[in-house]
Amino acid sequence: TTTTFCRRHQTFIPIFSKELRFHKTTFSPPPQLIEKSTMKFSTASLVALASVVATSAFIPSSLVGTAPKKPFGMTKPASALSIPGSTSSLQSTTAEAETFEFTSDVGRVMDLIINSLYSDRDIFLRELVSNAADACDKKRFLSLTEESEKEKPEIKIRANSVDNTLSIEDSGVGMTRDEIINNLGKIAQSGTRAFVQALGEGKADVNLIGQFGVGFYSAYLVADKVTVITKSMQSGSKAYKWESEADSSYTITEASQDEISGESGTKLILHLKDDASTYLEASKIEELLQRYSEFIEFPISIWKETTDYKQVPDEEANKDLAEGEEPKMKTVPETTEGYETVNNQKPIWLRPPKDVTEEEYQDFYKSAFRGTYDIPMKYTHFVLEGQVECKAVLYIPGMLPFELSKDMFDENARNIRLYVKRVFINDQFDDLLPRWLKFVKGVVDSDDLPLNVSREILQKSKVLNIINKRLVRKSLDMIKDLSETEDGQFILFWNNFGKYLKVGIIEDDRNRDEIASYLRFFSSASGEEYTSLDKYIENMPENQKDIYYVTGEGKAKAAMSPVIEKLKSRGYDVLFATEPLDEIMFESLRGYKDKNIVDAAKDTLKLDDDDEESKKKKEALNREYVDVIGYLETLLSGKVQKVTVSDLLVDSPAALVQGAYGMSPSMQRYMKAQAVSTGSDIGGIDDMNKVCMEINPKHPIVKELDKLVKEDKENKDTADYARLLFDVAGMTSGYDVEDMSGFAKRVMSLMSSEVKASSKEEKVEAPSGDGE
């Protein structure tokens, strides 16, 4: 579509490619359009054509022959380019243009707010109760400034199943007619924000929640019509009724003063949708209040029906009651109706820490995190001031929460509860604490958190980073305090949450060194007690330069590893890494306090006395056992990467070790199990992790094998002997025996040969039969 200038209408008009064409010479429609009155126009054509009508809200009056009425949204004129075809040139002439404000389809905007802004319709109650709390707080503040006695503000909620309505009433500040129009008739107009601005920066003791001006419209998540009855606390104010069905219009009428129970306040009546009947149940409303509004400062009451049972005389049974006998009683139900307060819990995080007792902290822990029956090991209560304001209470649980026992990063483990001015916002913000502190429970209340308009999503910002660092710091301080106790509490902590600290080593670069000081391990010298890295270094011999560890599924299997024999013989302690997570952790923690951390089960292990003389001696042994080395490499082709002579073995004939980048056997099993559970394919893991076989040249078994190979390496017994050596080395090194059937046959063959040899010896030693 192109345009041309029409002198007749003094404006630009479109030239359509197909549906509608205007002749550039006469600027009148072609005859065929007049004859074919039933011709259809495309939507795009009609829209473009409509744009040139003189009465359009977006056509400047200066370009129209007769100036129309100024349309809605038009403001002061501004300079613009000259009009083509005018008597002046394009470069030299300017004409007045007018600036316009955007207008909107109110119904469409309301639809976006209602259906797109909020992800959970339950949130409507949080928003409306927050608005009611704001109204109550404004009244409290104004009552203080006016130095007059007023009724204590409160919030009442009542469901009416007959009318299918839910009413939320507060005895707060109320609204005048102008305030109704300004606050409810303007989308995103926040009366609370205006109130705060009028008070000035930080000068008032007022606890206002709403700031965006859209929370009220969340009512339409569950209601197709909303009625608001309100009366301002200003003297001489009338009561008014506001009604709307979430379209582009609303009505305001005067209401009876009796429709508001207090001197002032606001009553919302939600005419619920057909699919929102669940909100007529008092139990559902109470559940939402306990979740979102439990710590609102003002009393929140629900109209509910309560059934009690009491004992009364049984008239029927007492008809023939003899004189002096005790009357017989019966139990009858007694139903009462009335308002019942539901928010009796006090937000201890808003109180100074010195004013809160240990018993109150424990009671709050049990009430805030329902379903927990343990006593927290440690807690911390702090206030963050300065660049960011934040109040928080954090707990280390007394035991691993049930949901984390199944999945250590369970998304449903909602342990950090975020509040803004006592109002619960969410408990699924992953950015408040790193996931390695998933086990920490607590409450965080901050006015500075960067929430989106619906107050459901926490946006990344500098403020969030500051709060995150502070929460991590306080959590580490709690762990440090536990580590310094001598009553066994830290061992209990480690058994429950040690794996989270290992994840912290992997993921938290900033705090890795500090977290490492809290790690605990079993070791070859610690027996049944844990040892720390600091204690390990303290007990190191003078000539030991590195920290050594071996992997294994459990302490007993790790202790069986042949590779630690020479380390132990030199007085070196060896840490036991008994979980697959340990191996990943040590890949991130390569050293601690200028000591390297070394995997003793790698073929790259070198000790401090590996001098030039030791190397020459090892080369000589390799040449001496070249036959057995070549034989094993050929026989075990595909299973071993190489075979070498080792001087690190003492009591074992052989050991299997990994290359510098290989996985331990426990990690390989873990990876395979994960692949099976997820249905993924990790083919080639065995090829990438071929073992290196180390043999002990001083061991009698290796010497015997060398002898068998030199005598007859084609003999089946020689091959069975070599394979049995490999199988045993694999088992003691933590690997699984793949061919269990072959392994059993080789063991039984060895046992049979021993039995035969024993029988021959018995025959030789038998009596000669000469009658003695």
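The values are calculated or read from the model by the stated rules, or taken from the named source; none is laboratory data. Because the structure is predicted, anything quoted here is derived from the model rather than measured. As a convention, Cβ positions derive from the backbone with ideal geometry for all residues, glycine included, and neighbour counts pool all protein chains shown. The area values use the complete protein model at the heavy-atom level, side chains included, leaving out ligands, DNA and RNA. Shrake-Rupley method; radii C 1.70, N 1.55, O 1.52, S 1.80 Å.
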Descending semi-axes in Å of region 382-525, equivalent ellipsoid built from Cα gyration tensor: 28, 16, 14
Charge dipole (region 495-546, unit charges on Cβ, about Cα centre) - positive-most of Asn496, Asn511, Asn539: Asn496
Neighbourhood charge, 15 Å Cβ-Cβ cut-off, centred on Arg370 and excluding it, Lys, Arg +1 and Asp, Glu -1: -2
Accessible surface of region 356-449 [probe 1.4 Å, protein heavy atoms]: carbon and sulfur percent: 42
Loop chymotrypsin sites (Phe, Trp or Tyr not before Pro), region 606-665, which have at most 11 other Cβ atoms in a 10 Å radius of their Cβ (DSSP): Tyr661
Under 5 Å, built H, 5+ apart or other chain: amide partners of Lys378: Ile396
Amide proton proximity set for Ala246, modelled H, under 5 Å, gap of 5+: Val226
Per residue Cα convex hull volume in Å³ - calculated over region 305-456: 222
Distance in nm between pseudo-label sites at Lys462 and Arg351 (7 Å out along the Cβ direction from Cα): 3.6
Members of Lys273/Lys310; Lys502/Lys672; Lys366/Lys462; Lys438/Lys690; Lys378/Lys535 lying beyond 30 Å, as alpha-carbon distances in this model show: Lys273/Lys310; Lys366/Lys462; Lys438/Lys690
31 Å Cα-Cα threshold exceeded, pairs from Lys616/Lys745; Lys595/Lys618; Lys474/Lys499; Lys555/Lys716; Lys615/Lys716; Lys139/Lys241: Lys616/Lys745; Lys555/Lys716; Lys615/Lys716
Within the accessible area of region 482-611 (1.4 Å probe), percent carbon and sulfur: 45
Gap separating the Cα centres of region 370-443 and region 293-322, nearest whole Å: 38
Spread of Cα-to-Cα distances over 10 Å intervals beginning at zero, given as percent, for region 237-307: 14, 33, 39, 13, 0
Relative frequency of Cα-Cα separations exceeding 13 Å in region 279-339, percent: 73
log₁₀ of I(q)/I(0) at q = 0.11, 0.13, 0.17, 0.21 Å⁻¹ - region 201-355, Debye sum with one point per alpha carbon: -0.71, -0.89, -1.28, -1.48
Sequence-distant aspartates and glutamates (8 or more away, or on other chains) whose Cα lies within less than 13 Å of Lys391: Asp445, Asp447, Asp448
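Net charge within 13 Å of Lys555 by Cβ-Cβ distance, Lys/Arg positive one each and Asp/Glu negative one each, not counting Lys555 itself?
-3
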Exposure rank, largest accessible area first [Lys502, Lys152; 1.4 Å]: Lys152, Lys502
At q = 0.13, 0.16 Å⁻¹, base-10 log of I(q)/I(0) for region 541-697 (Debye sum, equal scatterers on each alpha carbon): -0.68, -1.00
14 Å beta-carbon shell around Lys330, net charge (K/R +1, D/E -1): -2
